[in-house]
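Participant: This structure is in structure tokens; I'll ask about it shortly.
What follows draws every value from the coordinates through simple rules; no lab data is involved. In this text the structure is predicted, and so the values were computed from the model without any measurement. No Cβ is skipped: glycine too gets one built from the backbone with ideal geometry, and neighbour counts run over all protein chains shown.
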Amino acid sequence: MHLPFTETQFLDNFGAFNAALWPVLGALWVASLVLAAQLMSGRPRSAAIGLLLMAHWLWAAGAYHAAFFARINPAAWLFAALFTARRRAGRAGARCRSTEPAPDTPRRRG
């Protein structure tokens, strides 16, 4: 399979992305770690988790695929559209789900 970019271009693209947007990337990591800790402690905030997941999908679509990856790969626009569509599907699915655990799911105490 022939890719429209070299390995060096690909790695340089990641480097440019990280160098330009590291504060936002750091904030997304911190927010993800905080919500993961809440989930592990049995105090999940489902609305916050859903919002963060949507933010990650949109970030990948816009900040990475459209703004950076498209510089070396024309198909990145399709990836950006698919990531945006996935975010929309996740949002619609989140409205349909119950926040109560399934009847056979043990509840955590504490």
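Participant: At most 14 other Cβ atoms within 10 Å and a DSSP loop assignment: could you name the trypsin sites (Lys or Arg not before Pro) in region 37-87 that fit?
Facilitator: Sparse-neighbourhood loop trypsin sites (Lys or Arg not before Pro): ARG45.
Participant: Toward the positive end of the charge dipole of region 8-95, about the Cα centre and with charges on Cβ (Lys, Arg +1; Asp, Glu -1), which of LEU39, PHE10, LEU28 goes farthest?
Facilitator: Final value for the positive-end residue is LEU39.
Participant: Do you know the relative contact order of region 8-95, to the nearest whole percent, from alpha carbon pairs under 8 angstrom that are 6+ apart?
Facilitator: That works out to 28 percent.
Participant: Give, in nm to one decimal, the length gained when the segment between ARG43 and VAL30 is fully stretched (0.36 nm per residue of separation minus the Cα-Cα distance).
Facilitator: 3.0 nm
Participant: Give, in nm to one decimal, the length gained when the segment between ARG86 and PHE10 is fully stretched (0.36 nm per residue of separation minus the Cα-Cα distance).
Facilitator: 25.0 nm
Participant: Then there is this: So what are the ³J(HN,Hα) numbers for region 5-14, from phi and the Karplus equation (6.51, -1.76, 1.60; θ = phi - 60°), rounded to whole Hz, Gly and Pro as x?
Facilitator: Listing the rounded values in order: 8, 8, 4, 4, 4, 4, 5, 5, 5, 4 Hz.
Participant: Would you mind estimating how fast region 8-95 diffuses translationally, via Stokes-Einstein at 25 °C and 0.890 mPa s with the Kirkwood radius over Cα pairs, in µm²/s?
Facilitator: Estimated diffusion coefficient is 174 µm²/s.
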